[in-house]
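The values are calculated or read from the model by the stated rules, or taken from the named source; none is laboratory data. Fair warning: this is a prediction, and the values are worked out from it, not measured in the lab. Glycine also receives a Cβ, built like all others from the backbone with ideal geometry; neighbour counts cover every protein chain displayed. Keep in mind that these areas ignore ligands, DNA and RNA; they rest on the heavy atoms of the full protein, side chains included. Shrake-Rupley method; radii C 1.70, N 1.55, O 1.52, S 1.80 Å.
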Amino acid sequence: MSSVRPWRDIERRKSRQIMVGSVPVGGDAPITVQTMTNTLTSDAKATIEQIRRCEDAGADLIRVSCPDVESTAAFREIVRESRVPLIADIHFHYKRALEAADAGAACLRINPGNIGSADRVAEVVRAAKANGCAIRIGVNAGSLERHLLEKYGEPCPEALVESALDHIKLLQDHDFHEYKVAVKASDVFLAVAAYQGLADAVDCPLHLGITEAGGLIGGTVKSSIGMGMLLWSGIGDTLRVSLSAEPEEEVRVGFEMLKALGLRTRGVRVVSCPSCARQGFDVIRTVEALEERLQHIKTPLSLSVLGCVVNGPGEARETDIGLTGGGNGKHMVYLSGVTDHTVQSETMLDHIVALVEAKAAEIEAANAAQEAVAAE
C-alpha cells in the first residue's frame, strides 16, 4: 500500500536485532537514544544522580566509563540503581571488561583489537556470553590501527570500514554475534561515507555518531547534518550526539533529531516562528520558558507558538494546541486546529502549560482505554 505522503517516507536499512539488556536495538525496534556520563564512575552517588537526569530526559541507554578497578567496583551499585541498561566503556584493559560484565553491564564498548592477545579477546567474549552482554565495536578515525594508516595514508572511509570488519571477525571467530558497530569521525564527510560503506557490508545494528562534534550549538548542527543524512537514508539503529555539554542535553538533541524526521515521538514538538516586529508577544522568551516548563511531558503532542496572524492561523491548524499573537496583549488560542478562546499576556504562560498538561493527560487516558479494550 503506497503512502499518502511518500516524500515523508524513510525506509530503514534491514539489520539484525540484538538486545542491550531489556532494550532491543536494530531490526524494527525504535532507534534508541543514548548518552554517556562524565562524572567519576568511582563516585557512585554523583554518577547515579547524573543518570537520573538522563533518564528523565528520555535516555534509552547510558554509557559509563570504566577505566580502573575503583570504577568497576562502583559500577555494580550504579547498575542496581539505574532504570535503563548501562554500557561499560572499556579501553585497553581487558580485565575491566570482565569486571564490568560480572557487575551487570548490558553491553561492553570495546575495540577487540586493542584488548590485547587472542586469548584476552576470548576471555572477554566468554564473560559477555556468560553474563548476557552485548558488545559495541567502536571504531574511531582518531585511533585507527597503525597498519591501516600506513596502508591508506590517512583516515578514510575504506580504512574505517576495514577496521570495523577486522574487529567483527575477531568476535565471529568466537561465535559471538550480539554486537553493534560504530565508525565515528569528527569529520562529517568521513563519518557519513564510512557508515554508508559499512551499512552495505554488514547486517548488524549500527551505532551512529559524529565524534567530538563540539559545543551545544555547533555540535548540534554538525551532528544533525551528519546523522540526519544517514537517518534520512534509513541507516542507524541507535545514536549518541557527542556534545561538549551536559549529557541530558545530548539526549534532548537526539530526540529532537528523530522527531524532526518522524522516527521517534516523545514529548512536546514545538513549532515556533523566529519572531519579527509584528509579534504580539516576546516569542523567543516565551518559547524558551515553555520548553523549560514542558520538559516533564513525555506524551507526544504538538504546540505552535506564533507571534502574529501572518502564518499563525495556518500553523496553529496543524497542531494540538496553538497560540497566535494579537494586539493589545490579547492572543488567540487554538485547540485541535480550531480557534477556541483568547488569553491575556499576563496569564499566557501558565495557561498554555495547563492546556498542554491537560492534553497530555487526555491522550494518555485514551491510549490506556484502547489498551484495555485490546487486552479483553
**Request:** State yes or no: is Ala369 part of a helix (DSSP H, G or I), farther than 27 Å from Cys54 by Cα, at pLDDT 90 or above and out of contact with any Ser or Thr (no Cβ under 9 Å at 6 or more places or on another chain)?
**Result:** yes
**Fill in**
Of the conditions (1) over 19 Å from Tyr179 (Cβ atoms); (2) within 23 Å of the chain's Cα centre (by Cα); (3) surrounded by fewer than 20 Cβ atoms within 10 Å (Cβ to Cβ), the single one that Glu70 does not satisfy is (2)
**Message:** Cβ contacts < 7 Å: first residue on the phi > 0 side of the Ramachandran plot, restricted to the stretch 1-26; second residue of a type in the set (Asp, Glu) and part of a loop (DSSP other than H, G, I, E, B), any location; separation 6+ or different chain. Result?
**Reply:** Gly26/Asp237
**Prompt:** Would you call Arg126 open to solvent by 40 Å² or more (accessible area, probe 1.4 Å) and either in contact (Cβ under 8 Å) with a residue 60 or more places away in the chain or touching a Gly at 6+ places or on another chain (Cβ under 8 Å) (or both)?
**Reply:** no
**Request:** Please find, among Ala193, Ala159, the residue that is at pLDDT 95 or above and open to solvent by less than 10 Å² (accessible area, probe 1.4 Å).
**Result:** Ala159
**Asked** Are there any strands (runs of 3 or more DSSP E) wholly within the stretch 299-342 with 1 or more residues that are farther than 16 Å from Thr286 by Cα and either in contact (Cβ under 8 Å) with a residue 12 or more places away in the chain or open to solvent by 60 Å² or more (accessible area, probe 1.4 Å) (or both), and if so which?
**Response** 301-306, 330-335
**Asked** Does Thr72 qualify as being farther than 26 Å from Ala130 by Cα, in contact with a helix residue (DSSP H, G or I) (Cβ under 9 Å, 6 or more places away or on another chain) and at pLDDT 95 or above?
**Response** no
